[in-house]
1. Take segment 176-197 and flag every residue that is over 11 Å from the mean Cα position of the chain (by Cα), more than 16 Å from ligand 1 (Cβ to nearest atom) and buried (at least 24 other Cβ atoms within 10 Å of the Cβ).
2. Quick one: which of 288, 231 is at pLDDT 90 or above, farther than 21 Å from residue 172 by Cα and small (Gly, Ala, Ser)?
3. From the list 376, 339, which residue is over 23 Å from the mean Cα position of the chain (by Cα), farther than 27 Å from residue 240 by Cβ and at pLDDT below 85?
4. Would a scan of segment 36-45 turn up a residue that is more than 12 Å from ligand 1 (Cβ to nearest atom), part of a helix (DSSP H, G or I), over 19 Å from the mean Cα position of the chain (by Cα) and among the small types (Gly, Ala, Ser)?
5. Go through 76, 18 for me and flag whichever is closer than 30 Å to residue 149 by Cβ and either part of a loop (DSSP other than H, G, I, E, B) or of a type in the set (S, T, N, Q) (or both).
6. From the list 147, 161, exactly one residue is under 19 Å from residue 193 (Cβ atoms) and crowded, with 19+ Cβ neighbours inside 10 Å. Which is it?
7. Could you tell me whether segment 103-110 includes any residue that is touching a residue at least 60 places away in the same chain (Cβ under 8 Å), outside any helix (DSSP H, G or I), within 16 Å of ligand 2 (Cβ to nearest atom) and over 13 Å from residue 185 (Cα atoms)?
8. Name the residues in segment 109-156 that are among the small types (Gly, Ala, Ser) and modelled with pLDDT of 95 or more, would you?
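The values are calculated or read from the model by the stated rules, or taken from the named source; none is laboratory data. Since we're looking at a predicted model, the values are computed, not measured. Cβ placement follows ideal geometry from the backbone for every residue including glycine, while neighbour counts extend to all protein chains displayed.
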Amino acid sequence: MTRGKLLKPSEVAERLGVDAGTVGRYIRDKRLPAIYTAGGHHRVYEADVDAFLARVERPRDAGAIIIALINQKGGVGKTTATANLGVLMHEIGLRVLVVDLDPQGSLTWSLGYQPDSVQHTIFDAIKGEPEIPMSEVIMRTEAGPDLASNNILATQADRALFGKVTWGTRLTHLLGEVRKHYDYILLDCAPNLNSLTVNALHAADYAVIPTQLEMLSVNGLRELLQRIEEARKEANARLRVAGAVAMMVQHANSNREVEQILREGLDEWGIRVFQTVIKRSTQYGTVANRQGVMASMNPRGEHTQAYRHLLAELLQTVGGPGVERIPMLESTGNTGASTSTGTRGSGRGTANTAASSDDGVAAVGATSTAGTARATGVSASARPLGGER
Ligand SMILES: Nc1ncnc2c1ncn2[C@@H]1O[C@H](COP(=O)(O)OP(=O)(O)OP(=O)(O)O)[C@@H](O)[C@H]1O
Ligand SMILES: [Mg+2]
């Protein structure tokens with residue numbers, strides 16, 4: 001799990017077969033993550049050099065990068081992060097599918113659907129018998145990303161999958177059906193390490209670990225990190241931890257605390273802690289009560305801006321589609337620019353951005369749509385797929 005040695009730019013240059021000036025440019029353009037030494041020199045982790053090479057070598061038709069938002073601890077902000085990152089990815093023109101792997105169905109709900117009224121959930125498809133294609137599971141949302149929903153019936157997952165040889169790879173197989181239609185697939189895991197969560201670890205290229213600051217330590221995350229390591233060894237050698245995110249932070253000096261934690265060891269384990277911290281705010285509750293997503297309802301607010309920074313860091317870490325759009329993320333919000341900065345021009349996901357109420361959350365508009373949704377006619381394969389990279 002180590003990120004390896006810290007390399008000097010000259011050593012990086014040697015590994016990449018370019019000159020040191022080019023490495024400097026990669027670092028300046030944020031294509032290659034680097035840290036500063038106390039003396040002000042750049043250093044790059046071996047793992048980041050490997051990731052850079054993998055990105056360069058990644059075929060354009062490899063399909064979506066799959067990212068699991070995972071933490072077996074409840075209420076840390078997994079679903080909120082999934083929804084906001086999904087909406088913001090859509091905003092910059094990326095094709096994104098979010099998958100609700102939690103029987104609570106909170107992601108399904110926040111994206112405008114009544115979990116219990118959905119015709120086919122991701123769990124139905126995972127369970128199989130009868131086989132349900134992903135095209136019948138995936139639904140469009142007003143907020144932007146496509147959604148594979150879930151509901152309470154998925155509490156039966158362990159029992160339903162018990163004894164099946166393929167129990168751990170059902171999700172991998174299903175996402176394989178639609179992977180080529182998306183740039184990113186985000187998996188919102190339930191607060192446990194049961195069979196659906198294991199399916200997520202087997203399907204994902206990256207794990208993102210939302211966590212509260214108090215748990216942001218090797219000890220706090222030990223069990224999860226061990227399960228990730230197991231998944232990597234047994235079934236999914238591709239799996240990497242993209243990073244941990246400090247969520248619901250309320251201390252004024254939180255950035256310094258995160259830095260301290262970094263120095264104290266998480267990064268020796270190879271776990272990046274994203275620089276962006278997500279602050280605690282009652283606005284999230286307001287948005288949740290209105291069945292919405294912060295990034296749609298308050299696109300210019302500081303919390304959405306924080307999620308833009310987080311997305312920029314995430315794109316930079318995983319590489320892949322959208323990396324060249326990071327400047328777009330960094331400028332939106334600062335300039336008061338429209339949220340509709342994507343290349344698809346569909347206007348979806350912007351329905352609620354016009355009027356803001358006093359609490360900074362846009363007046364509820366068309367977010368709470370079609371409670372009795374069905375997948376008919378919105379299959380990922382049937383719809384036009386924009387988002388030229
Ligand atoms: N930054 C934040 N500040 C304050 N409240 C937040 C923040 N982010 C999310 N919340 C609220 O905290 C609660 C838990 O968030 P969320 O559902 O995203 O967590 P979760 O990890 O997905 O939970 P679970 O483990 O139950 O699935 C929700 O009511 C949400 O609206
Ligand atoms: Mg959740």
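1. Scanning segment 176-197 gives a single hit, 182.
2. Values: 231 fails: farther than 21 Å from residue 172 by Cα.
One residue alone meets the criteria, 288.
3. The match here is 376.
4. no
5. Step by step, each of 76, 18 is checked, and only 76 is closer than 30 Å to residue 149 by Cβ and either part of a loop (DSSP other than H, G, I, E, B) or of a type in the set (S, T, N, Q) (or both).
6. Working: 147 fails: under 19 Å from residue 193 (Cβ atoms).
Just one listed residue meets the conditions, 161.
7. Looking for residues that are touching a residue at least 60 places away in the same chain (Cβ under 8 Å), outside any helix (DSSP H, G or I), within 16 Å of ligand 2 (Cβ to nearest atom) and over 13 Å from residue 185 (Cα atoms), one finds at least one in segment 103-110, hence yes.
8. Hits for segment 109-156 are 110, 112, 117, 125, 135, 143, 144, 148, 149, 154.
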